[in-house]
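Read the figures in this text as sums done on the coordinates, not as results from a lab. No experiment lies behind these values; they were computed from the predicted model shown. Positions of Cβ are backbone-derived with ideal geometry, glycine not excepted, and every protein chain shown enters the neighbour counts.
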Amino acid sequence: MTYVQPLLLVLLALELAGLVIVRQPKGRYLALAGVLGLLLISWPPVDWLLAQPLQATYPVRPFVAPRDLQAIVVLGSSVEPPHYERPYPLPNIETFERCQHAAWIFKQQKQLPILACEGRARDPRIRNVMRDLLVRAGVRDDMIWTEDQSQSTHENAVYGARILRAHGIRRIALVVDTQSMPRAEACFRKEGLAVTPAPVELRSWGPLIDEIFPNWHSIRRNEILLHEMVGLVWYRLRGWA
């Protein structure tokens, strides 16, 4: 689901409409609204400010496992199926970074089982990609469980909690990107699990040159933020979080 693409189209339409009737006051206002909208959606300081409510509660420090931690849960993002010139599946950067972080916790804190919530694969060729990433990062294969039935974060929690309860697990470290953490954490707590957040991809202030000018990175981050804000409201209305 995408939010920014249709919004970009609307803003471009406003700007074009304003340019067509630029001699009229209404035209100038439309053009100005289109330009300002495009600036705000692609300007890094805006996405930095929007990210703060979702990530402010998570400390900026390496993850520290509580003594009673029993398992690590990592949520997948997406995986591209094999192509003609690339006859193997390719995880996106979010899936890769989350698995790397889960493997780091596994090695640095204490060796706990990892539940990889990769969800239901429509293409059988992309199954077990998260397991492969975790094994390559140093996790023993026999310490990895897989949840492969879900199609949403809500179902990650529902199906994942069943696997965890079957193994007597009550307290988990949850690995997902920082902006998605409030919704994911709430879903797993709803299933009766004690959750210690282990977020990745914290939105921090980068080099000044990267934060001054509008760029596609900011558009992408705003896409994620809009998705999470809308999703969090929807989940609360449905009673899933």
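Observations on the model:
- Residues whose amide H comes within less than 5 Å of that of Ile144, counting only those at least five positions distant or on another chain, are Ile114 (H built at 1.01 Å from N in the peptide plane).
- On full extension, the segment bounded by Leu202 and Arg170 gains 8.9 nm, given 0.36 nm per residue less the C-alpha separation.
- For the chain, modelled as a GNM whose springs connect Cα atoms under 10 angstrom apart, the maximal fluctuation among Ala198, Ala13, Ala121 occurs at Ala13.
- The simple spin-label model puts a point 7 Å past each Cα toward its Cβ; for Asp123 and Gln108 those points are separated by 3.3 nm.
- Per-peptide average of other Cβ atoms within 10 Å, ordering 126-134, 145-153, 33-41 highest first: 126-134, 145-153, 33-41
- Within a Gaussian network of the chain (alpha carbon springs, distance under 10 Å), most fluctuating of Pro82, Pro113, Pro182: Pro82
- Close amide H contacts of Val200 (hydrogens built in the peptide plane, cut-off under 5 Å, sequence separation of 5 or more or a different chain): Val176, Asp177, Thr178.
- Ranked packing of 92-100, 135-143, 47-55, most packed first, by mean Cβ within 10 Å: 92-100, 47-55, 135-143
- Mean sequence separation of contacting Cα pairs (under 8 Å, at least six apart), scaled by the length of segment 166-241, corresponds to a relative contact order of 37 percent.
- Stokes-Einstein D for segment 71-197, Kirkwood Rh over Cα pairs, 37 °C, 0.692 mPa s (µm²/s): 227
- When the chain is treated as a GNM with alpha-carbon contacts under 10 Å, the residue of Arg61, Arg183, Arg170 showing the greatest mean-square fluctuation is Arg61.
- Equivalent ellipsoid semi-axes - Cα gyration tensor, the chain, angstrom: 38, 20, 18
- Order of Thr196, Thr57 - criterion: other Cβ atoms within 10 Å of each residue's Cβ, fewest first: Thr57, Thr196
- Cβ-based net charge around Val60, under 15 Å, with every Lys or Arg adding one and every Asp or Glu removing one: 0
- The value of relative contact order for the chain, using C-alpha pairs under 8 Å at least six residues apart, is 24 percent.
- 222 nm mean residue ellipticity, helices alone, for the chain (DSSP H n ≥ 4; -39,500 (n - 2.57); rounded to 500): -16500 deg cm²/dmol
- Kyte-Doolittle mean at least 1.6 and Cα axial length at least 18 Å: DSSP H helices in the chain: 4-20
- Relative to the compact-globule estimate of 2.2 N^0.38 Å, the Cα radius of gyration of segment 47-124 comes out at 1.39.
- Furthest towards positive pole of dipole, Ala161, Trp145, Ala184, structure part the chain, Cβ charges: Ala161
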